[in-house]
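Notes follow the structure.
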Amino acid sequence: MTLRIYNTQSRKKEEFHPLQEGKVGIYVCGITAYDVCHVGHARSAVVFDGITRYLRYRGWEVTYVKNFTDIDDKIIDKARRENAGINAIAERYIREHDEDMGMLGVARPTFTPRATENIDGMIRLVTTLLEKGLAYPMDGDVYYSVERFPGYGKLSGRNLEDMLAGARIDVNEKKRNPLDFALWKASREGEPWWESPWGRGRPGWHLECSVMSQRYLGETFDIHGGGEDLVFPHHENEIAQSEGATGKTLARYWIHNGFVRVNSEKMSKSLGNFFTIRDILQQYHPEVLRLFLLQSHYRSPVDFSDAALNEARQGMNRFYSTLKLLRDIAAGGTEMAPETAEKDGEMKAQLQSLRERFCEAMDDDFNTARAIGHLFDAVRLVNASLAEKKPDVSRSVFVQAGKTLLEIGSVLGFFRQESDDYLRRDREREAGKRGLSVAEIERLIAERRAARAAKTWQRADEIRNGLAAQGVILQDAPDATTWTIA
């Protein structure tokens, strides 16, 4: 099946054909480095990490560029409040961003350029736009003239006349048109600046991405991505700058992920309704957050809640519990059916089908929700076979099932931890959240084991029921008793 991508600009799914056979160039707008990252940032990062992983899984060589904005009004304001330099502020939050992304299993992009490293390129682009009559200087500032670019509004679907009619005009504004946007800003007292033909100043926010994408991917590249809040004006302005200067298409496919919502509102710092990645990872395993974010199609909004995260936790626990069973089978400690087992062929066919169904889902506009559903189907199939007193599938097929689950899960950034370690950490984390002592739970399990050996069934049942009342569920096996928290 051919990969099909929903293109924001055309508003339809299109077959994906990269500019260069076997190679894909992707540019995604990154963070403004003035604060710690929240779950909304995590969604964009996880979505495009998953897209990149899948493209590589399919055999493409991917160049993935994601920038850092390290000069901006918000960074300057933060530096003033903390009596620090803007470089110190940006460095701190870029470092914390990288730590957060590492915990989430987000692979580092091929290139992570910073705005301040590309000032010369921005000055050259502004000069080109001035020469082409698409921009004008005004008291040390330089503005882009949107009326001079015929395609303005083509990404967002907005009509220039309607935008002009609805614009509010500030009588003190230096712009010729209320929709014109700043390419270069004259320096104000106490702000950082760079020398330019128009005087000391700094770049406008929209300018940096046009320069950095061209630097690493060329004047036209395959995929440009970001959150849906960037469609207008940021990406619209990128198109105007880049295509106005080069006369060429900037990006052939535009991909935008939906918001993370809290009580039906977009999660954002400006609304004060955000949860930092670090806050959430104190309560949940990083792969639980990752599963939560990928269980919805990337273009759909995601409703953030404890209930949704707990559901994702239960799902990830099912995955890891099954992987543990399969690992134990591979280790040879369980009696299994002979290699010529009756249902080996059927299970092998299902495993092969899993790969095909996974790719079919991902080829349909990176539908991770459906792809994850296929993974759960495979887990149910395996567990149904293992539930039989005498499994009628041989060990080698279960070993292959484990390998297939790990292979496909890795494309989504899952299963990065040993199953025993994951399940142990989950137990300890959940016990701590509920004020339970792991040592006391283990002591009671040992006491129950002794009671069962002594055939003191009433005491054994009292312990099981008491633990169950606290959400601690016991699973007895011939050689041990394990526990989980529901």
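The values are calculated or read from the model by the stated rules, or taken from the named source; none is laboratory data. The structure displayed is predicted, hence computed values, not measured ones. Cβ sites come from the backbone with ideal geometry, for glycine too, and all protein chains shown count toward neighbours.
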Item to check | Residue list for the stretch 174-193, restricted to those being touching a residue at least 24 places away in the same chain (Cβ under 8 Å) and under 34 Å from the mean Cα position of the chain (by Cα) | outcome: L179, D180, F181, A182, L183, W184, K185, E191, P192
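Given the residues S156, S196, which is the only one that is part of a loop (DSSP other than H, G, I, E, B), under 30 Å from N83 (Cα atoms) and among the small types (G, A, S)?
Values: S156 fails: under 30 Å from N83 (Cα atoms).
Selected residue: S196, the only one of S156, S196 that is part of a loop (DSSP other than H, G, I, E, B), under 30 Å from N83 (Cα atoms) and among the small types (G, A, S).
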Next on the checklist: Yes or no: the stretch 273-290 includes at least one residue that is basic (K, R), touching a residue at least 40 places away in the same chain (Cβ under 8 Å), in a strand (DSSP E or B) and under 28 Å from E430 (Cα atoms).
Outcome noted: no
Checklist entry - How many residues are surrounded by 13 or more Cβ atoms within 10 Å (Cβ to Cβ), modelled with pLDDT under 90 and of a type in the set (S, T, N, Q) when one looks only at the stretch 319-347? => result 1
Checklist outcome for this item: All conditions in (1) on the phi > 0 side of the Ramachandran plot; (2) in contact with a strand residue (DSSP E or B) (Cβ under 9 Å, 6 or more places away or on another chain) are true of A431 except (1)
Next on the checklist: Out of everything in the stretch 9-29 that is crowded, with 21+ Cβ neighbours inside 10 Å and in contact with a Gly (Cβ under 9 Å, 6 or more places away or on another chain), what residue ends up being farthest from R299 (Cα to Cα)?
Outcome noted: G25
Next on the checklist: What pairs come out if I take residues in the stretch 392-411 that are closer than 22 Å to L104 by Cα and pair them with residues that are not in a helix (DSSP H, G or I) whose C-beta lies under 8 Å away, six or more apart or interchain?
Outcome noted: L405/F415; L406/F415; G409/F415; S410/R416
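Which one is surrounded by the most Cβ atoms within 10 Å (Cβ to Cβ), of the residues in the stretch 100-139 that are of a type in the set (D, E) and in contact (Cβ under 8 Å) with a residue 12 or more places away in the chain?
Pass one, the stretch 100-139, residues of a type in the set (D, E): 100, 117, 120, 131, 139.
Right, trim to in contact (Cβ under 8 Å) with a residue 12 or more places away in the chain and you get 100, 139.
Values: D100: 22, D139: 8.
Taking the candidates together, the pick is D100.
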Checklist entry - Would you say S210 is buried (at least 16 other Cβ atoms within 10 Å of the Cβ), polar (S, T, N, Q) and more than 29 Å from G25 (Cα to Cα)? => result no
